1. Exactly one of (1) in a loop (DSSP other than H, G, I, E, B); (2) of a type in the set (A, V, I, L, M, F, W, C); (3) closer than 26 Å to Arg55 by Cα is unmet by Trp145. Its number?
2. When you go through Gly197, Gly178 one by one, which is the residue that is in contact with a helix residue (DSSP H, G or I) (Cβ under 9 Å, 6 or more places away or on another chain), at positive phi and not aromatic (Phe, Trp, Tyr)?
3. Which residues, taken from the stretch 104-137, are more than 17 Å from the chain's Cα centre (by Cα) and among the hydrophobic types (A, V, I, L, M, F, W, C)?
4. Picking from Ser133, Ser154, Ser189, which residue would you name as being at pLDDT 95 or above and more than 21 Å from Asp88 (Cβ to Cβ)?
5. List pairs: first residue in the stretch 182-204 and closer than 13 Å to Val170 by Cα, second residue of a type in the set (Lys, Arg) and open to solvent by 50 Å² or more (accessible area, probe 1.4 Å) anywhere in the structure, Cβ distance under 8 angstrom, at least six positions apart or on different chains.
6. Would you pick out the residues in the stretch 58-80 that are open to solvent by 10 Å² or more (accessible area, probe 1.4 Å) and within 24 Å of Gly130 (Cβ to Cβ)?
7. Are any of the residues in the stretch 81-99 of a type in the set (A, V, I, L, M, F, W, C), part of a loop (DSSP other than H, G, I, E, B) and either open to solvent by 10 Å² or more (accessible area, probe 1.4 Å) or under 16 Å from Gly215 (Cβ atoms) (or both)?
8. Based on what the data block shows, is Glu220 acidic (Asp, Glu), touching an Asp or Glu at 6+ places or on another chain (Cβ under 6 Å) and within 22 Å of Ser78 (Cβ to Cβ)?
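The values are calculated or read from the model by the stated rules, or taken from the named source; none is laboratory data. These numbers were taken from a predicted model, which means no experiment stands behind them. We place every Cβ from the backbone using ideal geometry, glycine too, and count neighbours over all the protein chains shown. Heavy atoms of the whole protein, side chains included, go into the accessibility calculation; ligands, DNA and RNA do not. Shrake-Rupley method; radii C 1.70, N 1.55, O 1.52, S 1.80 Å.
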Amino acid sequence: MRSLATLTALALLAACAREPATAPEPTAPPGEIPFVLFEAGDALEEDWQKFDIWRNTSFDLVPAGDVVAIRAQAEGASGVLARRLSVDPETCPQLEWTWAIEGLPSIADLSSRDAEDMAAALFVAFGDPGVFSNPDPVPTLRYVWATSTDAKGSVVPSPYFPASIRSIVVRSGGEAVGQAVTERRDLLSDYAAAFGGVPENNIEVFALFIDSDHGEEPLEARFLSARALCLETPEPPSIFD
């Protein structure tokens, strides 16, 4: 993999030809401490791990206005870009991120094994799943930009791993396609809605995901930044190699 410096330089040079829509950097409300999960300056550092679930996906850096975004692309494929961390969800109960998509799958249904495609998603795993190629089941929230088949706000058990992965539909349909939008979620409320109770473990994995392995069509998403909003500064090491 090319170095971050090389990728960033190439992406910024490409900005002269194309500048995708970008969103202003959100400001943390008073009393909340932002804890960076990733941003343009540290995108694709060595502590990220890419894993293709089906065929080949790509994750690279592209310009997004005056910053750099992680671009995910898939055509008849699905894959994940993940990093390990350790964050207490009670200390850092809010998750905020900025993303954009270039289009939606023509056929997608989060509850169907035959149509579970999605333009973009973020995984938050509560507990250590072990190796990404053969993960152990741990409670995992999957925040999804879905088609209108799945209603905004719905909680959908994965048809493949219903006991451990629950999708939460953050956006439904194509109203904001091509725009960078910022989302904010309450991790504890979402966990309770998906699994009941409160998390027993820290957040151990944060991942970006794209999936078009059923519809076979090309999909593209951009992830600009993500952070937890904390009540107090997490004790180190909160993110580690």
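1. (1)
2. Result: Gly197 is the single residue among Gly197, Gly178 that is in contact with a helix residue (DSSP H, G or I) (Cβ under 9 Å, 6 or more places away or on another chain), at positive phi and not aromatic (Phe, Trp, Tyr).
3. Of everything in the stretch 104-137, those that are more than 17 Å from the chain's Cα centre (by Cα) and among the hydrophobic types (A, V, I, L, M, F, W, C) turn out to be Ile107, Ala108, Ala115, Val131.
4. Values: Ser133 fails: at pLDDT 95 or above; Ser189 fails: more than 21 Å from Asp88 (Cβ to Cβ).
Being at pLDDT 95 or above and more than 21 Å from Asp88 (Cβ to Cβ) holds for just one of Ser133, Ser154, Ser189, which is Ser154.
5. The qualifying pairs are Glu183/Arg171.
6. Within the stretch 58-80, Phe59, Val80 meet the criteria.
7. No; the residues of the stretch 81-99 include none that is of a type in the set (A, V, I, L, M, F, W, C), part of a loop (DSSP other than H, G, I, E, B) and either open to solvent by 10 Å² or more (accessible area, probe 1.4 Å) or under 16 Å from Gly215 (Cβ atoms) (or both).
8. Working: acidic (Asp, Glu): yes; touching an Asp or Glu at 6+ places or on another chain (Cβ under 6 Å): yes; within 22 Å of Ser78 (Cβ to Cβ): yes.
When the stated conditions are applied, Glu220 passes them.
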